[in-house]
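See structure below.
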Amino acid sequence: MTVALKTLTIDRLGKGFIASLVLAALITLVTSWFLVREINNLNTSWAVHERTIIQKQAYVGLLRGAIGYGGMIHNFKNYLIRHDSQYLLGAHKSMLETKIVISGYRVLGIVQEESDALDELENVVEEYKGAITRAEALININFPSEQIDRQVGVDDTPAVRALLRLSNAVADLRQAKAKIISGEIKSLANSINVSAVGIGGLLVILTLTTAWFLRTRLINPLGNLVAAFDRIDPGAPNQARLPSAKTGGDELDKVAAAGNRFLDAVDRHLLERQYAEIALREKEAFISAVVGSMIDGIITIDERGLITSNNGAAENIFGYGPDEMLGKNVNMLMPEPHHGEHDRYLAKYRNGGEAQILGKSREVRGLRKDGNEFPLSLSVNEVKTETGRHFSGIVRDISRFKQAEEKLRQSENLLSTAIETIPDGFAIFDAEDRLVRSNSRFRHLFSRSVDLLAPGRLYEYILREGARRGEFEDAIGREDEWVAEQLDAWKEDRDTYEMHLGSEQWIEATDRLLPGGGHISIRTDISGRKKAEQERRESRRLLQSLTDNLPVFVSLKDNQGRFQFVNRLFETWTGISRNFVVGKTVHDIYPEEQAVPFDIEDREVIDGGIATSREKALLYPDGQTRNVISTRFPIFSASGLVSGLGTINFDITERKQTEKALRIAKAEAEKANDAKSEFLSSMSHELRTPLHAILGFGQMLESDTSSPLTSVQERCVNRILKGGRHLLELINEVLDLAKIEVGHVELSIEDVSVPEVVEECLDMIRNLADARNIKIIHPKPDQRFRMVRADRTRLHQVLLNLLSNAVKYNREGGSITIGIRETQSGKLSIGITDTGEGIPQDKLHKLFEPFNRLSAEKTEIEGTGIGLTVTKQLVELMGGAITFESKVGTGSTVSVEFRLSDEDAFKTAQAAHAAMPKQAAHTLKTAATMLYVEDNPANMELMDMIVGRIDGLTLIQAPNAELGLELAEAKKPDLIIMDINLPGMSGLEAMKKLQKSKKTANIPVFALSAAATRHDIEKGLEAGFREYLTKPIDLEDTVSIIKRVLEAAA
C-alpha cells in the first residue's frame, strides 16, 4: 500500500510522540523476549527432570534384579538348599552390584524418602552378608539344611518394603514436578494474556493519541496515513508497509520507519503467542499422561464432595470403569461409618471448622465397587481456585503392604516360638555383650541366676553375679579368676565345653561369634549323659569283672573290626595283653592265615546282622589246639544299625573227648540193643508160632456149633485158652518192656475220648468182674473233661491193665470205683479204686519194679510182675503221671493224669465215631478167592477152618513162596495172605515179585507172621503188604479184616 504525504515539518512535540511509539515497540519486544526465555527455561527444566526420573527408574529396575529373582535373595536361598558354591558366588556378585547401583542412584540427587529407602537396602545387604557367613559356618559342620534355614534365614520383607518405598518416591517426585510445571505453565499463560492485554491497551492509547495529534496537528498532511492504518489486516500486519514521502520530510520518514518496525514487532508477538499456546497445550497433555500413569490414585472433589476428576489408577484401585466415578459423591468409596458422615464433615469444615486430615497421610478403609473393603493410605490437600475450593486426595492400595506387615509379625511370632521350643537353652547377646533374648529352657538351667537373665544385662555381670551365688561349681573359691577365663574365651569362637553346676547337674555350652558382632549361646543339659557315662564306666567295670571270671573267651569289636574289650581268658589263651589289643584288628595280632578267616566271619555278622555259631579247632600261641564253639553276635545301636559284634569262644575240648567216649559207648550199647532186639524178635516168633496153633484151634473147638463139646471137654478147652492167653500176655508184656528199655516205642499223641476208652476196657473185664461178683461203680463223667492228649492204643493198654489188676486183686463181692476229675494243675485224673487187701506201706516203693509181685506169687492170682512197670513207663512216655495209694484191709487207688485237650476235638472225635460203619455179617456180597501161603500145617488147617465160616470165600493154599507165586499168577486170587518166615524164598522177597508182575501187582496182600516187633511190622508195610497181622490172631478181628478188604475190592 502506498500513502502520499505532503511535506511537513515536525516540531518537538511530534518528536516526543514518535519517541513514545518507539518506547512502546521496545516494551513489546522485551516482553516477548522474556516470555520466550521463560518457555525455553521451562522446557529445559522439565527435560532435565524427566531424564533424571528415567535414570532413577532404571536404577530401581537394576536393584530389583540384583536383589530379587536371580539376584542376592534367590542365590542365597538356593545356597541354603543345595550348598552349591556357584550360588554363593552369585549372591556375593549380586551384593556388589547392589552397592554399585545404590552409589550411582545417590549421585543423581535424592530426597529424604529415597535416602531412607536406600539406607534400608544397604542394611538388608549387610544382613544377608552376615547370614551368608553364618550359613557357611553351619554348612561346614554339616548342619541339616532345614535347620540352617531356621537358624540364619533372613526376612525378605524389608527389601520388598524398601524397593516399594523407592519406587513410590520416584513416582512422587514425577508427580510433584508435574504439579510445579503445571503451575508455571498456568502462570506463564497468565503472563502472556496480561502482556497481550497491556500491549493491546497501549496500542489503543497510542492510536487515540495519534488520531488526536493528527487531527489537531497533522490532519491534512497525514490523512492518507490514517486511512492506510485503517486498512491494515490485524491477522497479517507484516503485509502492510509505510513508505517514505519522497519529498524530503525527515520526521515523516522516521514515522513511517517506526510504523513499519511496530508492525513487525506486533507480527512477531502474535507468532510467539501462538507458539506459547501450543507449548502450553502439549505440557498439559504431558502432565495428564504423567498423572494417568501414576500407580497412586488421584481424586479431586469439590466443596460438595462430588468427584470432579480422577486418574486411571484410582479407577483400578476401587474397581470402577472410565468416568464411572465422575460427578458421584466421594462417600461411595467409603465404608461405614465414614460413608454416612462424610458430607457432615465437609459442611462443618466449610462453616469454619478445623481441618482434621488436610496435609496429613493416614491409613483408612476403602470400599470397592464389588463391596469388598480394603486398607489404603490417604493424603488430602486443599486447592483454592477462582471457581472455589477443591480437595485433592492421593490414595494408595496398601493391601500387600499390610499382608507383608502381617507376615512380618507372624515371622516374629514364629521366631519367638521357634526359639522357645528349642529343647536346649538358647540366648542371643548383642555386639556390646548385652542379653537380647533367651528361652525358658536357658533360664531354667541356671536356677540360681534366673533373675539375672533379663534383656539388657551384660554377659560379664551375669557371669560374675552367678559365680558369686555359687551357680558354677568350677568357680567356687576362684570366682574372679574363673570369670576372667570365661571372658577371654568369650572373645573368640571356642569348641564346645562342659560346665558343672553343682550336684549332678552338667551342661554342655557352645558360644559362637556372629559376623556383625554379638554371640549366640547354646546350653544343653547333659546331666543324664554324664550319669549314663558314669553308669557305663561302672557297667564296663562290672562287665570286666564278670567276664574275667567266666570260663569263656570274650571279645567285643566295633563295626570296623577293632577290639574294644577282651576278658582275662582272652589274655590267657592268646598271651596278648588287653591294653595292647584294644584298638587293634585281628590283622594286627594274628598271623595272616588266621586273621583272614576271622575277618571274613566278623564281616558276615556285621553285614548280615545275624548271629553265627560254629564249632572249630583253634591253634593258640601257647601251642595248644582247642576245640571251641565260637559264637559271633551283632551289637545294635539305638537306631537299629549294627555298631559292632561280640565273640564268645567256649572251650569244649574236654566235652569233645567225653562225646567221643560216649559215641564209642553208644555204639557198643546200640550193638547190644540190636542183639537184644534180634533175640526178642526171634523169641517172639518162636513163642507165637505154637501159640497161634494152640489158641487158634482152641477157639475153633470153643465156637464149633456143629460138634458141641462135652462139659469136660469144654473145661479142658477153657483151660487151654486161658493158659495160652496168659502166656501170650506174658510174651507181650516182656516185649513191651524190652521195647521201652531200648527206646523203640513209638507213640501217636492225639485227642482221645476217655469215656470211650474206659467203656471199651470195662466191656473187656466186665465178665471177669461178674464172675467174682465185683460191682463196678462208674459215675457219668463231667462233660467238660472228656478228652486228653495221649496215644489211644497205649491209653487203652494202661487202663485195661489197671482195671484187670483191680479185678484180680479184689475180694469176692467187692467193688471197683472209677473217678474222672480235673486237677488243680489243669490235667485230667482217672482214678481206679478197689476194695482188695491193700499193700503195706513198706512195700509200696517196690510196686513198679519189674517181676516183683510183692508176695502175690504165693497166691493163686496169676500175673507176671511187669504189668505195672510197663504201665508206669507208658504213662510217662505220653507225658502223664501215675500215683498209688493203699491201705491194708481197705483197698488201693491208682490214678493216672494226662493233659486235657480242647472240647472241639472231642466233638470231632465223637462225630467220627458216630459215622463209623457197623460190623457186617460173615457173608460176602460177591464170591471171592483167597490164597494162603504158609509152611506150618497146623496154621494152614486153622485158616481153612476160618475161611469155612465165611460164605462165598474159596481158599487156595501153598506151603512155600515159589508155589504161591505160581498159583497167584494162574488163579489171580482176590486176596493173598502170606507168612514172612517161609522155607526158601521169604515172604518179603515174594512180595517184591508179586509187585513186579503185571498180573499180580494189584492184588491186595496181607502178612501173617509171628514176627510181631515194631521193626518187623514196619519192614513188612514198607515192603508193600496191605495189612500186617500178627500171630496168634483174634478170630473175629481176622474175619472182619478179610471181609472188609474183599468187599472193598469188589
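Here are the numbers:
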read-out: Which numbered condition T524 misses (of (1) more than 37 Å from the chain's Cα centre (by Cα); (2) over 30 Å from R568 (Cα atoms)); value: (1)
read-out: Index of the failed condition, S399 passing every other in (1) in contact (Cβ under 8 Å) with a residue 40 or more places away in the chain; (2) under 41 Å from the mean Cα position of the chain (by Cα); value: (1)
read-out: Where E822 falls short, out of the listed (1) acidic (D, E); (2) surrounded by fewer than 17 Cβ atoms within 10 Å (Cβ to Cβ); (3) more than 20 Å from D751 (Cα to Cα); value: (3)
read-out: Qualifying residue in the stretch 956-969 (condition: without any contact (Cβ under 8 Å) to a residue 12 or more places away in the chain and in a loop (DSSP other than H, G, I, E, B)); value: no
read-out: Those residues of the stretch 878-896 which are surrounded by fewer than 17 Cβ atoms within 10 Å (Cβ to Cβ) and either free of Cβ contacts under 8 Å to residues at least 24 places away in the same chain or farther than 13 Å from L847 by Cβ (or both), in sequence order; value: G879, A881, T883, E885, K887, V888, G889, T890
read-out: Scan of the stretch 517-551 for residues that are hydroxyl-bearing (S, T, Y) and touching a strand residue (DSSP E or B) at 6+ places or on another chain (Cβ under 6 Å), ordered by number; value: S521, T524, S527, T547
read-out: Filtered residues of the stretch 332-348 (kept if farther than 16 Å from D370 by Cβ, without any contact (Cβ under 8 Å) to a residue 40 or more places away in the chain and either of a type in the set (D, E) or assigned to a helix (DSSP H, G or I) (or both)); value: E336, H338, G340, E341, H342, D343, R344, Y345, A347, K348
read-out: Sole exception among (1) over 32 Å from the mean Cα position of the chain (by Cα); (2) basic (K, R); (3) within 20 Å of P158 (Cβ to Cβ) for K77, by number; value: (1)
read-out: Among (1) part of a loop (DSSP other than H, G, I, E, B); (2) in contact with a helix residue (DSSP H, G or I) (Cβ under 7 Å, 6 or more places away or on another chain) - the single one K584 does not satisfy; value: (2)
read-out: Odd one out for E571, checked against (1) farther than 18 Å from F650 by Cα; (2) in a helix (DSSP H, G or I); value: (1)
read-out: Candidates F1025, F1006, filtered to the one that is assigned to a loop (DSSP other than H, G, I, E, B), aromatic (F, W, Y), surrounded by 15 or more Cβ atoms within 10 Å (Cβ to Cβ) and modelled with pLDDT of 90 or more; value: F1025
read-out: Helices (runs of 4 or more DSSP H) within the stretch 53-165 that include 2 or more residues in contact (Cβ under 8 Å) with a residue 60 or more places away in the chain and of a type in the set (D, E, K, R); value: 112-140, 145-152
read-out: From the options D548, D588, residue that is modelled with pLDDT of 85 or more, outside the structural domain of F446 (by TED's automatic domain parsing) and acidic (D, E); value: D588
read-out: Qualifying positions in the stretch 442-456 - surrounded by 17 or more Cβ atoms within 10 Å (Cβ to Cβ) and free of Cβ contacts under 8 Å to residues at least 24 places away in the same chain; value: R443, S449, L452
read-out: Matching entry among L376, L408 (being of a type in the set (A, V, I, L, M) and outside any strand (DSSP E or B)); value: L408
read-out: Unique residue being surrounded by 12 or more Cβ atoms within 10 Å (Cβ to Cβ) and not aliphatic (A, V, I, L, M) when the list is T625, T547; value: T547
read-out: Residue in the stretch 523-536 that is within 30 Å of F426 (Cβ to Cβ), of a type in the set (K, R), out of contact with any His (no Cβ under 9 Å at 6 or more places or on another chain) and in a strand (DSSP E or B) present; value: yes
read-out: Tabulated pairs, the stretch 699-714, first over 21 Å from R725 (Cβ atoms), second assigned to a helix (DSSP H, G or I) and not charged (D, E, K, R), C-beta under 9 angstrom, 6+ apart or interchain; value: S707/L701
read-out: Some residue of the stretch 717-724 being closer than 23 Å to D979 by Cα, of a type outside the set (K, R), crowded, with 17+ Cβ neighbours inside 10 Å and at pLDDT 70 or above; value: yes
read-out: Test: residue in the stretch 297-309 that is within 24 Å of R400 (Cα to Cα) and modelled with pLDDT under 85; value: no
read-out: Tally, over the stretch 978-992, of residues that are in a loop (DSSP other than H, G, I, E, B) and surrounded by 14 or more Cβ atoms within 10 Å (Cβ to Cβ); value: 6
read-out: Residue in the stretch 166-174 that is over 18 Å from N75 (Cβ atoms), surrounded by fewer than 17 Cβ atoms within 10 Å (Cβ to Cβ) and at pLDDT below 75 present; value: no
read-out: Residues satisfying the stated conditions in the stretch 473-511, i.e. within 19 Å of G456 (Cα to Cα) and either in contact (Cβ under 8 Å) with a residue 60 or more places away in the chain or among the aromatic types (F, W, Y) (or both); value: W490
read-out: Number of positions in the stretch 932-955 that are among the polar types (S, T, N, Q) and part of a helix (DSSP H, G or I); value: 1
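This table checks each residue for (1) out of contact with any strand residue (DSSP E or B) (no Cβ under 8 Å at 6 or more places or on another chain); (2) assigned to a helix (DSSP H, G or I).
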site	(1), (2)
R441	no, yes
D451	yes, yes
E460	yes, yes
E465	yes, yes
G470	yes, no
V483	yes, yes
D493	no, no
M499	no, no
S503	yes, no
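The values are calculated or read from the model by the stated rules, or taken from the named source; none is laboratory data. Bear in mind that the values here come from a model prediction, so they are computed numbers and not experimental data. We place every Cβ from the backbone using ideal geometry, glycine too, and count neighbours over all the protein chains shown.
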